[in-house]
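The values are calculated or read from the model by the stated rules, or taken from the named source; none is laboratory data. Please read these numbers as outputs of a predicted model, since none were measured by experiment. As a convention, Cβ positions derive from the backbone with ideal geometry for all residues, glycine included, and neighbour counts pool all protein chains shown.
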Amino acid sequence: MKERTWLDWLFSTLAILAVIVQIISALFQLSTAISIIALIAIIMSLMYFVMQSVIRRTLESISTEVEKEKAITARAMPVGMTSERAYVFNSTLYGMAYEELSAHCTVHEDGSAVFRREIDLVAYSIISEIDHYMLLPEAPKESKDFLELANVKPLDHDRKLTPKIIHLSSGRMSLLVYISPPMSPGDHIRYQVIEKSPPGLYAITGLEERKVEYDYFGWDISRPTRKLAVKVFFPKGVSPNEFEYFEYDVWYAVGQSRSRQAKEYERIRGSLQWVEEGARFSLALNVLYPVLGLTYVIKWTLRSASRETESPSLANESKNSVECGGDETSVVDNGED
């Protein structure tokens, strides 16, 4: 309850006295001047309290609107970049988001690779098309067929996806995927995109002919993403004890910079794991709420010696520290716009 001021008390007292004077004046037929003065006092008191009420309600309305704005801002603005609130906020701005994004690279015995991305896309606006790109920085400059689009198809929906290659050059493919019928806000669609590269992209028996000291596979985060899974499948028979080096990294995705983003690198520490799947071993990097504008990377070097056939104990395989490595990287960088 609002505390009364001295003016409130003054005009309340004045109004009461004026009413008493009016009553006495009517009973005892006092002079007209006294009645007029009392009437004026009553009118002034009423005007004061009406104005006070109007001012109070106006201020309360303004205060309520300010509080509403503060509440909306608090709900909308991200707290940090790696939270559900940030994900929803950015999704609304971008008009779309990836609930889940799986980016897999399968390396074969001849150094060729198959790149498979599986996307769970959710619409926050009307979406009739979506663009993707793939980049292989160390592909031969003279080759335009170093990257091949193998497949684009929906996985759990009856929508039609029509891919169109916008740009194809040495190690780079820009792709536009038309969605029919268009997605409306709240719609989901899961689909996959598969690309292939020819033999020699990755080093299998050593890096003697490479300009850099290890291979890598990375993914740029250019759309709001809740869950990211980056995974590299190695050739059959290649086991964890054949690696001289393996590590995850986080780079700034602007241009082709490979400078480490130290804060995010620390946040996801412990996320890189070995997985045995059938006849293949893989390195998996799982990240919740990856940061827009960063690249999440798996790096490795295989021993140049002949392969061992026995599978080591996964509990003893991590003799290659995940803290080693530098900013010079090697072969494959792919991502999405």
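The table below gives the values:
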quantity	calculated
Residue count, the range 239-253 (criterion: modelled with pLDDT of 90 or more and either of a type in the set (A, V, I, L, M) or not assigned by TED's automatic domain parsing to the domain that holds LYS263 (or both))	1
Residue selected from the range 211-234 under the condition of a type in the set (Gly, Ala, Ser) and surrounded by fewer than 21 Cβ atoms within 10 Å (Cβ to Cβ), by the criterion nearest to LEU302 (Cα to Cα)	ALA229
So PRO163, is it under 26 Å from ALA253 (Cα atoms) and in contact (Cβ under 8 Å) with a residue 12 or more places away in the chain	yes
